[in-house]
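Have a look at the structure below before the remarks.
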Amino acid sequence: PERSVLLTLGGGTTFAPSWRARARPVRSREVQRHLLPGGMRVLLEPDEGSIAAIRIVGVGGHLSETKALAGRAAMWMRTVARGAGGLSADALGRSLSNLGGSLGASGGRSSQGLRADLPAEHFPAGLELILHTLLSPAFPEAELEQARAMLLDDLAARDDDPADRLELAMWAAAFPGHA
């Protein structure tokens, strides 16, 4: 809460987060930190659970877009996991399903990333699939066209929703001239 951002729009109304920081449970095993040669940081938080979670997050998202590239983050999120490493979208999905896992993309205002969840015993195979997705995504033309059509539909419907219009006004006030 002490590092939150407060935004005021006309009329003196202030929007502030309603959450409070929670104390993290103390773990008996330390988080392992590794710095890779390219500068990427890897954090491994060991536990004895039966589910493995992989999160790859980087700077990006909507705030990194220019007017010429507006929508790039949303397009990436909708298409990056639709085939990779020589695997079609169906083959990638079957591989994940055979491992009992899931893979998806996420993003927001200032970050974007990939996530995978799967049984811990399949961690090496799941890590390989998420790295293929990160390093050699296919971006099939048909998937790009489908995602583009969906994004254009979303844009067309945006003005019909008062909450969306308010959110757009807030972000325009916070970041004048941004895409």
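The values are calculated or read from the model by the stated rules, or taken from the named source; none is laboratory data. Note that this is a predicted model, so its numbers are computed, not measured. No Cβ is skipped: glycine too gets one built from the backbone with ideal geometry, and neighbour counts run over all protein chains shown. The area values use the complete protein model at the heavy-atom level, side chains included, leaving out ligands, DNA and RNA. Shrake-Rupley method; radii C 1.70, N 1.55, O 1.52, S 1.80 Å.
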Exercise. How big is Rg to Rh over region 20-179, alpha-carbon atoms, Rh as the Kirkwood inverse-mean-distance radius?
Worked result: 1.02
Exercise. From the phi of every residue in region 42-49, what ³J(HN,Hα) in whole Hz does the Karplus formula 6.51 cos²θ - 1.76 cosθ + 1.60 yield, where θ is phi - 60° and glycine or proline is x?
Worked result: 10, 10, 10, 10, x, 8, 9, x
Exercise. If you take the beta carbon distance between R94 and A120 as r and set R0 to 22 Å, what does 1/(1 + (r/R0)^6) give as a FRET efficiency, to the nearest 0.05?
Worked result: 0.60
For this session: Give, in nm to one decimal, the length gained when the segment between S102 and R148 is fully stretched (0.36 nm per residue of separation minus the Cα-Cα distance).
Result: 14.2 nm
Exercise. Under a plain spin-label model, where a point goes 7 Å from the Cα along Cα-to-Cβ, how far apart in nm are L69 and A173?
Worked result: 2.9
For this session: Restricting things to alpha carbons, find the Rg to Rh ratio for region 71-153 using the Kirkwood radius for Rh.
Result: 0.98
Seminar exercise, completed: Rounded to a whole %, the carbon-and-sulfur portion of the accessible area of region 80-139 at a 1.4 Å probe is 53
